[in-house]
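Structure first, commentary second.
FYI, it's all coordinate maths here, none of it is from the lab. The shown structure was predicted, so the numbers you read here are calculated from the model rather than taken from an experiment. In this analysis, Cβ positions are derived from the backbone assuming ideal geometry, glycine residues included, and neighbour counts consider all displayed protein chains.
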Amino acid sequence: MNIKKNRSIITWIAVIVAIIALLFLMQYINPEKQAKKRMAEVGIECINVDDSELKQHFHPKFSINVDGKNEPIPADIGVFQDCSAEIHTHDSTGELHIETTNPDKKFTLGQFFAIWGRSIMRNRYNVVVSVNGNGFMENEDFYNKIELKDGEQIVIDYR
Ligand SMILES: [Zn+2]
């Protein structure tokens, strides 16, 4: 076997090792792990309990308009194989489910966006958030702190 052949074998081994390393890395950066990390950062737990063990279970309604057009909210935000975030969606209607075993815990719009992996603000848009018909044109920090309540109607308008 000559040197050239040896080199090409080494090159192939390097490529294969790189592919294996990449596959290994992709295990680490999978979306579920990322979402659970973001949840931990904002104090949201992932729970897997019987409905009878829930101490709070309520449903605000959430929608997004971009240039006056409704943008569907993805189903299953915060829903994982082994558990569900305390704030999650089941369908694309914008109904948020808040389900927790903590009787006193309060939840915010910012926490929902953190679970989703998005920011409330969008580049090149003015953002108006309305809560039960009252519109606010404020900064991101204000929007993040909007408390989620049962039956509340939250609309985000990107104009
Ligand atoms: Zn529910």
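If you take the residues of the stretch 19-44 that are closer than 21 Å to L148 by Cβ and away from the ligand (no atom under 16 Å from the Cβ), which of them is surrounded by the fewest Cβ atoms within 10 Å (Cβ to Cβ)?
Per the criteria, the residue is E41.
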>> Looking at the stretch 48-60, I want the residues that are touching a residue at least 24 places away in the same chain (Cβ under 8 Å) and within 11 Å of the ligand (Cβ to nearest atom) and have a partner that is among the hydroxyl-bearing types (S, T, Y) and not in a helix (DSSP H, G or I) with Cβ atoms under 7 Å, at least 6 apart or on another chain. Which pairs are those?
In response: L54/T100; L54/T101; Q56/T100
> away from the ligand (no atom under 16 Å from the Cβ), charged (D, E, K, R) and loosely packed, with under 12 Cβ neighbours inside 10 Å, is that true of D150?
Replying inline: no
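Could you tell me whether H88 is under 28 Å from N123 (Cβ atoms), out of contact with any Ser or Thr (no Cβ under 7 Å at 6 or more places or on another chain) and within 15 Å of the ligand (Cβ to nearest atom)?
yes
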